[in-house]
1. Please compute the length gained on full extension between residue 90 and residue 25, using 0.36 nm multiplied by the number of residues separating them and subtracting their Cα-Cα distance.
2. Please work out the C-alpha center-to-center distance from segment 79-101 to segment 19-35 and express it in whole Å.
3. If you build a Gaussian network model of the chain, linking Cα atoms that sit under 10 Å apart, which residue out of 58, 82, 169 swings the most?
4. Relative to the first principal axis of the alpha-carbon coordinates of the chain, what is the inclination of helix 42-55, with its axis defined by its Cα atoms, in degrees from 0 to 90 and to the nearest 10?
5. Could the peptides 70-77, 97-104, 9-16, 153-160 be put in order, highest first, of the mean number of other beta-carbon atoms found within 10 Å of their residues?
6. Please compute the modelled spin-label separation between residue 166 and residue 47, points set 7 Å along Cα→Cβ, answer in nm with one decimal.
7. How do 24, 83 rank when sorted from fewest to most other Cβ atoms within 10 Å of their own Cβ?
8. Assuming R0 = 35 Å, what is the FRET efficiency of residue 62 and residue 138, from their Cβ-Cβ distance, to the nearest 0.05?
C-alpha cells in the first residue's frame, strides 16, 4: 500500500515530515511508501489533482490519497466538497481542511509553541479565552505576535517534531489526525 499526500505549500510538507514518523503505522515510511507532494499554492494544488487521480489507479500497489488545504477565508464545507469532487471514486481519498491555516494547529498546543519559542510562556496563554478555540484565530498573525522569531518553514519544521497529536485543542487538527487514522485502517 502507498500513501500520497498532497499539500498546497512547502510549510505543510515540512510540518508533516516532523509529525508523521510519530503517528504513522509501522507499515508506512516517508519517501518509501508515503510521499508528500507540496504545491506552489492553492491553484497549483487544485490543477494537479485531476491528473494525479488518473495516474494513481495505474500504480502497481493500492494508493490512498490525503489532500490538505488551508481554509483561509473560504467556506470550509464548500471548499471540502469542491476538492472531494476532484477525487477519484476508484481510490480511498481523504480531504482535510486546516481551519484557518496550518499555524492554527500550532495554537492548539501552546506547550509545543513554547518548545520552539522558549520566550513564550505556555502557562500564560493556556487559560486565556482568546486561545480556547484555536481554529477561529488568524494563526500566523497570532504566532508573529508571540515571537519575533516566527518563520513559516522553520516553525513548521520544529513544531512538527513536538506537537501533541493526542491533546491538541484545534478541532481541525483533531479531524486531520482521526481522518488519517481511518484512511490508513481500511
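Just so you know, all these numbers are worked out from the coordinates, no wet-lab data involved. Quantities reported herein were computed from a predicted structural model and do not represent experimental measurements. So basically every Cβ, Gly included, is an ideal-geometry build from the backbone, and we count neighbours across all protein chains shown.
1. So the chain would gain 21.1 nm between residue 90 and residue 25.
2. Going from one Cα centre to the other spans 21 Å.
3. Residue with maximal mean-square fluctuation among 58, 82, 169: 58.
4. So the inclination is approximately 30 degrees.
5. 97-104, 9-16, 153-160, 70-77
6. 4.4
7. Fewest-to-most ranking of 24, 83: 24, 83.
8. On the way: r = 39 Å, r/R0 = 1.11.
Calculated value: 0.35.
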